[in-house]
Amino acid sequence: MFSVIACIRDNHDWRLVIAAAIVCLVGSLTTMLLLFRAQECDAGQRKLWIATSAFACGVGVWATHFIAMLAYDGGMPISYDLGLTFLSVFLSIFGAWVAILIASEGRSYSFAFGGVLMALGIMAMHMTGMQAIEAQAIIVYDAFMSVVAFCSCAALATIAFLAFFKLKGMKRFAASSGAFVLAICLLHFISMSSIALVPDATREVPAMTLQPQVLAAIVMAVATGLILMAFGAVFLESHLTDLRGLANVSQEGLVILREGKIIDTNERFLALSGWKLSELTGNIPSSMLALIHAERESEHEEMLLIAKDEREIPVEVVMRRIVYRGRHCDVLVVRDLTERKRAEEMIEHLAHHDVLTDLPNRSLFDTRIRQALQVAECKRTQVAVFCIDLDRFKAVNDIFGHAEGDRILRKVATILKRCVDKDDTIARLGGDEFAIVQPSKQQPDAAHRLARRIIDEFAAEMDTARDPTAVGASIGIAIYPADGDSAEELCNNADTALYRIKHAGRGAACFFDAEMDESVRARRQIEHELRHAITRNQLHVSYQPILDARSGEINGYEALMRWNRPGHGMSEPDIFIPIAEESGSIVQLGEWILREACMEAARWPQPLSIAVNVSPVQFLLPNLCQRVAEILKEADLAPERLELEITEVALIRDRNRVMNTLQRLRDLGVRIVMDDFGTGFSSLSNLRSFPFDKIKVDRSFTGILEHDAGARSIVRAIIGLGHSLGMPVVTEGVETEMQRQIVVEEGCTRLQGLLLGKPDIEPSIKLAARENFLSANTEAEVTQAKHDRAAAE
């Protein structure tokens, strides 16, 4: 290291050494800038920029070497061979090109290979430049120092490449350029410190040589010019290309006009129109743009662009004034409106069509039916209105999910489209409700034929016996003018006919009859009002106590739903629950009462049980257990306090599914109660299949206990069966003292009925009623009653 410093101090002109370092730094920065530009380009231009970077690098290295050589004082006159000097330039550029090309591959070993190749190129240039020296002396090299110089250069060149490709921002330029400058300078000055010029008077100096002063001028001029050209190329290409790219990336087409004629466009306009720039240059824009609409006092004009393939493309055109290529020009900004027009058409279509089935919606259906009635009134013709409801759809949708329900609705729409004529209108009114308007045909024959086609198509496509997701169709028909002279009246009457056929058996068609009984309309009205009962706060829960037969203590309550129907007063569950189960609204009602009951029970000071009835329809839901668990968590109610009462009807529909659901509920800790025991099918089999927590004797048996020995025998058998299975038995419907005494004699442990406590919004029993119960329920009275009945028998 000291020899290198001594060489620079003693054998070099420090002013030229500084000049060489400056040239080296400028060349290194130019190399890295050009290489950075190469990385930003696509594959087609990258190789060109790599070659430009290698050229700048090679020239910078060569200029550094020869400026440093000019600074070297060997103690004798020195000149340079012209051919070897130019060969050294070539070797420097070629070595830099190969090295940068390899390093740009980006692999883990590419940087090391690139550094070694760069060192080889610089060393080759250096050695060739040294051989170009013409002097009466022989150059003697130190092999060890030459190897050190090469290794130092290779290591620093590798670091330079690594810093450039790994660092970001200005750090990459500073670190890579600095390392590269050190690599070039160390190789040169270490090599120069290891040589010796041995005088040889016999050696002749050729006449065709470059004198140091001439070479210095050439090197400085060439190096400075080439490096400045490289900087200029970076600047101009960056700005011009980026501005052109900015214009090309624009989503609007740009057309530049000079004196009304096209002189240039961007790529977006060429892609939009299909024309080539050579075909457009010199033409006027009106040859391809036709005005179709101009907004008043607006610079935006809607026009049609005639493409090369004769397509008419809606566009919006705005004109601007700019200076282009030193002259004032007009720029047409052309915006493609195809997507916007398509979106407007789609919005218009969606506003009048169902998204799922692409059928007309209620809005378009109302328009079509009124148009059909106006035409029929003028031409004295008839119009048939069909209301179609899908049988079993709500159950299919609840069991198999909404995705399957959507598939069924699309399939139904396809079936209906096959059945109708082109003049007919099919609409989806909502949910599983469809409607058809059949104008200008002889009625009722045409309606009969269409209804028959629909039913036959459903029978062929939907096999309800084999396919659990298949649905049927029930059809109600009203005809203008016999069944009404307005759209509202015809739709209501067709709807009435539909509900009549649904309750008469489904899967058929029914024409409206003016003498239809009012029960159909009343049932329809109940179903409609029931859908909104929860949101209108018309429902409430009453709690009926369940008492211990011996002590009279309250063991729990049963939650009973009550509906305060506007205009009709309080409606009992027997009236609206069957309709709710048939329409599917029982799912929402059942979840509502379960939540209300759990919330109320959680507020009680004593941990009494709460019993809630669960409809068989709810057991068809795949998420019943999940909803029960969520409600218990929401109410913060212990699961063992909740009793879910089911009837044997729930076990008939899908026994395996229901049994699996019951077991999952038991796993949650919820207790399961068999309600209305003895009224269903195969009751004993059901008790054997699932270990119920409690049995409830149906009120139909309790009501006739006093005068029907058979009913008493059944009650006795149920109570005995419960005792043998270890299940508590609750007798419902206890309304008289005699009924209470009978079931107590038979060993019933729990009672429920109006005698013991009426359903009330507040879950409590009056003290007087409880005291009367306890006074009448003494052991002596029970024993005496048993003896009296035994004697009577």
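The values are calculated or read from the model by the stated rules, or taken from the named source; none is laboratory data. Everything numeric here is computed off the predicted structure, so don't read it as measured data. Cβ sites come from the backbone with ideal geometry, for glycine too, and all protein chains shown count toward neighbours. Remember, those area values only see protein heavy atoms, side chains included, never the ligands or the DNA or RNA. Shrake-Rupley method; radii C 1.70, N 1.55, O 1.52, S 1.80 Å.
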Carbon and sulfur atoms account, in whole percent of the 1.4 Å probe accessible area of region 517-586, for 48
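Out of region 535-606, which GluC sites (Glu not before Pro) are coil in DSSP terms and have no more than 14 other C-beta atoms within 10 Å? Before the final figure, lay out each step's value.
Working: sites: 553, 558, 581, 582, 591, 596, 600; in loops: 553.
Answer by residue number: 553.
Out of the total accessible area of region 394-501 (probe 1.4 Å, heavy atoms of protein only), what percent is carbon and sulfur?
With neighbouring chains kept in place, the figure for region 394-501 is 46 percent.
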What nm distance separates the two modelled labels at residue 378 and residue 109, each placed 7 Å from Cα along Cα→Cβ?
8.8
Straight distance only, please: which lysines reach the Cα of residue 166 with their own Cα at less than 26 Å, same-chain residues fewer than 8 apart left out?
47
Signed unit charges on C-beta, dipole axis of region 360-457, positive-most listed residue 419, 429, 440:
440
Among the listed pairs 694/758; 394/417; 696/758; 341/411, those beyond 24 Å (Cα-Cα):
341/411
Please compute the modelled spin-label separation between residue 737 and residue 338, points set 7 Å along Cα→Cβ, answer in nm with one decimal.
9.3
Region 123-132 - phi-based ³J(HN,Hα) in whole Hz, Karplus 6.51/-1.76/1.60, Gly and Pro as x:
5, 4, 4, 5, 5, 5, x, 5, 5, 6
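Calculate, in nm to one decimal, what residue 308 and residue 452 gain on full extension: separation in residues at 0.36 nm each, minus their alpha carbon distance. Please report the intermediate quantities before stating the final value.
Numbers: separation 144, 0.36 × 144 = 51.84 nm, distance 5.35 nm.
Full extension of this stretch gives 46.5 nm more.
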Per 0.36 nm of contour for each residue apart, how much would the distance between residue 21 and residue 319 grow if the chain were fully extended, relative to their Cα-Cα spacing?
101.8 nm
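As an exercise, identify the trypsin sites (Lys or Arg not before Pro) in region 116-194 lying in DSSP coil whose Cβ has no more than 10 other Cβ atoms within 10 Å. Don't skip to the answer; put the middle values down first.
Details: sites: 166, 168, 171, 172; in loops: 168.
Loop-located and lightly packed - 168.
So for each of 373-383, 499-509 I average, over its residues, the number of other beta carbons within 10 Å; can you give me the resulting order with the highest mean first? Don't jump to the answer; show the numbers that get you there.
Numbers: 373-383: 14.4, 499-509: 16.9.
Peptide ranking by packing, descending: 499-509, 373-383.
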Charge dipole (debye, nearest 20) of region 309-372; +1 at Cβ of Lys and Arg, -1 at Cβ of Asp and Glu
460
How long is the gain from residue 528 to residue 689 if the chain were fully straight, where each residue apart is worth 0.36 nm and the alpha carbon distance is subtracted?
54.1 nm
Distance (nanometres) between label positions extended 7 Å along Cα→Cβ at residue 660 and residue 367:
4.8
